[in-house]
Every structure is written in C-alpha cells, then in structure tokens.
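These notes concern the structure reproduced below.
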C-alpha cells in the first residue's frame with residue numbers, strides 16, 4: 001500500500017501543490033488538507049503516515065514568520081501531533097513550514113526519550129542582509145544524523161526563498177547539544193569544498209550563507225530523526241532541468257548527476273520518508 005501524506009494548506013501557504021506532487025512522484029498518495037479540517041475534527045491526523053507543512057507566508061508572516069500557524073497547531077492540534085510523533089510517523093516543514101515547526105516547539109524538541117513538550121527552544125529571525133533572499137545555495141548533510149529524511153544524502157544545491165531564515169538559539173551550549181546529537185542535519189557550505197567536508201561552525205560569508213544562521217544551519221531534526229525542517233526548498237529541485245545551470249556546463253558540475261535520468265537530488269529526500277514508512281509497517 002502507498003503511504004498516505006497529509007500536505008497542509010490554508011492561510012497563505014502556497015507551496016502545497018508542488019509538495020503534494022513530489023510525494024506522488026516517489027510513490028505516496030498525497031492529499032492537500034486545510035489545517036482547519038484537523039482543528040475542527042473533519043479530518044483525523046492519525047489516518048495519515050506523513051505530515052508535510054509546506055512553504056509560503058502563513059497568516060502573512062504577521063507577528064513573525066510561522067508564529068500564528070505555529071500557535072494554531074501547538075494549541076489546537078497538540079495531542080494529535082504528539083501522538084503522530086510517538087507513533088513513529090515522519091513530519092517535514094519546508095521554509096515557512098520549518099518556521100512553523102520551530103514555533104510549535106516540535107523542532108528541535110526535548111532531549112531524547114522525552115515526548116514532544118511544545119516548548120520553543122530556537123527561532124528564525126530576519127536575514128542578516130535585511131532583505132528577502134531568493135537564490136540558489138549549496139547544502140551538505142550530516143551523515144551521522146538520525147534524520148530519516150536525509151539518509152544517504154551528502155550534498156545538494158537548491159533554492160532559498162525567505163526573509164526570516166536565520167536560525168538562532170539562546171546559547172552556544174544548546175547548539176552544542178544539538179551538534180553532539182547530530183541534529184544539525186543540514187548546513188550551508190562553500191560549493192568549492194570537497195563534498196562531505198564542507199560543514200563548518202565558522203560563519204560563512206554572504207551569500208554562501210544567505211541569512212547568517214548560527215553555525216550555518218539550514219535545517220535541523222528532533223532527537224528521533226522523524227521531525228525535520230529546513231529553510232531551502234528541496235521540492236524545487238525534483239528534476240535536473242530546474243537547476244539554473246542545467247544547460248550551461250553540465251549537471252555533474254552542480255551535484256545533480258547522482259541519480260539516473262531526469263531526477264534532481266531533492267527528490268531523494270521525499271523518497272527516504274516514503275521508504276521509511278513502508279519499511280516500518
């Protein structure tokens with residue numbers, strides 16, 4: 001049977017159609033569900049195997065990106081979200097969805113072995129550039145991360161499209177804890193470094209890091225590896241021809257030749273989650 005994916009939409013989320021499409025490309029059945037259907041009880045989150053919170057501008061980014069949608073989910077879907085994670089079901093937040101998961105407290109979440117407590121521990125603030133960033137970046141993944149979404153992935157190029165993408169936490173010690181647990185799953189890197197050796201705590205210059213995130217963080221997971229969020233848009237590189245350089249000097253130059261045929265590297269991230277669900281049924 002195909003895993004069932006709930007793709008949230010409503011209140012300014014605008015990447016729901018393409019997020020639904022990429023899950024279907026890797027063998028899932030995906031459905032766009034307005035968040036109010038879960039809140040009002042017209043739909044049950046437990047009926048789905050994967051939850052995706054796509055990018056966009058939920059509630060117009062009023063009071064900060066992801067704040068109002070995060071609060072709506074934190075208070076009105078609290079029990080359903082906690083049960084979803086404890087049932088071993090994956091959740092992804094992309095761009096505004098990442099902001100939402102951070103504001104709900106699902107990311108980075110509490111210590112290992114503890115149920116989701118919905119306490120906010122980090123945030124995503126205004127880009128250091130002081131403006132909205134729409135550009136392609138190079139990402140590298142922690143091979144030791146427990147994240148089910150990034151299994152086997154090393155490096156990828158994909159776009160960012162955000163104004164508040166700077167990941168921050170109150171203290172370096174909290175970042176040290178996440179780093180020790182390999183929860184700093186994906187970071188911005190210099191594309192001129194050797195693949196697998198690009199991740200660094202040293203602050204990268206703009207625009208290699210498009211927002212000034214602490215430790216060049218582009219995405220994190222919780223301690224279980226099930227809940228994952230990132231600012232860049234992997235669904236925007238589901239095919240090789242979506243890369244702006246695909247006709248210029250060859251896909252291999254830009255890390256897009258790792259998969260056969262037309263597929264872009266972003267598709268593997270969604271395939272990983274679908275295969276995780278299938279293998280754990």
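The values are calculated or read from the model by the stated rules, or taken from the named source; none is laboratory data. Treat the numbers as computed from the prediction; the structure is a model and nothing was measured. Here Cβ is always computed from backbone atoms with ideal geometry, including for glycine, and neighbour counts include all displayed protein chains.
Here are some residues: 30, 43. Which one is surrounded by 15 or more Cβ atoms within 10 Å (Cβ to Cβ), without any contact (Cβ under 8 Å) to a residue 40 or more places away in the chain and assigned to a loop (DSSP other than H, G, I, E, B)?
Step by step, each of 30, 43 is checked, and only 43 is surrounded by 15 or more Cβ atoms within 10 Å (Cβ to Cβ), without any contact (Cβ under 8 Å) to a residue 40 or more places away in the chain and assigned to a loop (DSSP other than H, G, I, E, B).
Please work out if residue 106 is part of a strand (DSSP E or B), crowded, with 24+ Cβ neighbours inside 10 Å and touching a strand residue (DSSP E or B) at 6+ places or on another chain (Cβ under 6 Å).
no
Is it true that residue 88 is surrounded by 14 or more Cβ atoms within 10 Å (Cβ to Cβ), under 19 Å from the mean Cα position of the chain (by Cα) and in a loop (DSSP other than H, G, I, E, B)?
For residue 88, the condition - surrounded by 14 or more Cβ atoms within 10 Å (Cβ to Cβ), under 19 Å from the mean Cα position of the chain (by Cα) and in a loop (DSSP other than H, G, I, E, B) - is not met.
Would you confirm whether or not region 256-263 contains a residue that is out of contact with any helix residue (DSSP H, G or I) (no Cβ under 9 Å at 6 or more places or on another chain) and either within 23 Å of residue 27 (Cα to Cα) or modelled with pLDDT of 95 or more (or both)?
Within region 256-263, one or more residues are out of contact with any helix residue (DSSP H, G or I) (no Cβ under 9 Å at 6 or more places or on another chain) and either within 23 Å of residue 27 (Cα to Cα) or modelled with pLDDT of 95 or more (or both).
Taking the criterion of being more than 20 Å from the chain's Cα centre (by Cα), more than 21 Å from residue 178 (Cβ to Cβ) and not in a helix (DSSP H, G or I), would at least one residue in region 47-64 satisfy it?
Yes; the residues of region 47-64 include at least one that is more than 20 Å from the chain's Cα centre (by Cα), more than 21 Å from residue 178 (Cβ to Cβ) and not in a helix (DSSP H, G or I).
Restricting attention to region 8-23, report how many residues are buried (at least 16 other Cβ atoms within 10 Å of the Cβ), free of Cβ contacts under 8 Å to residues at least 60 places away in the same chain and within 19 Å of residue 263 (Cα to Cα).
Number satisfying all stated conditions: 1.
Give the residues of region 200-250 that are assigned to a strand (DSSP E or B) and surrounded by fewer than 24 Cβ atoms within 10 Å (Cβ to Cβ), sorted by residue number.
Listed by number, the list holds a single entry, 239.
Condition check: modelled with pLDDT under 95 and under 18 Å from residue 162 (Cβ atoms). Does residue 61 satisfy that?
Answer is yes for this residue.
Can you tell me which residues in region 154-195 are in a loop (DSSP other than H, G, I, E, B), buried (at least 22 other Cβ atoms within 10 Å of the Cβ) and in contact with a helix residue (DSSP H, G or I) (Cβ under 6 Å, 6 or more places away or on another chain)?
184
Scanning for something more than 17 Å from residue 229 (Cβ to Cβ) and either assigned to a strand (DSSP E or B) or touching a helix residue (DSSP H, G or I) at 6+ places or on another chain (Cβ under 8 Å) (or both), does region 113-130 turn up at least one residue?
yes
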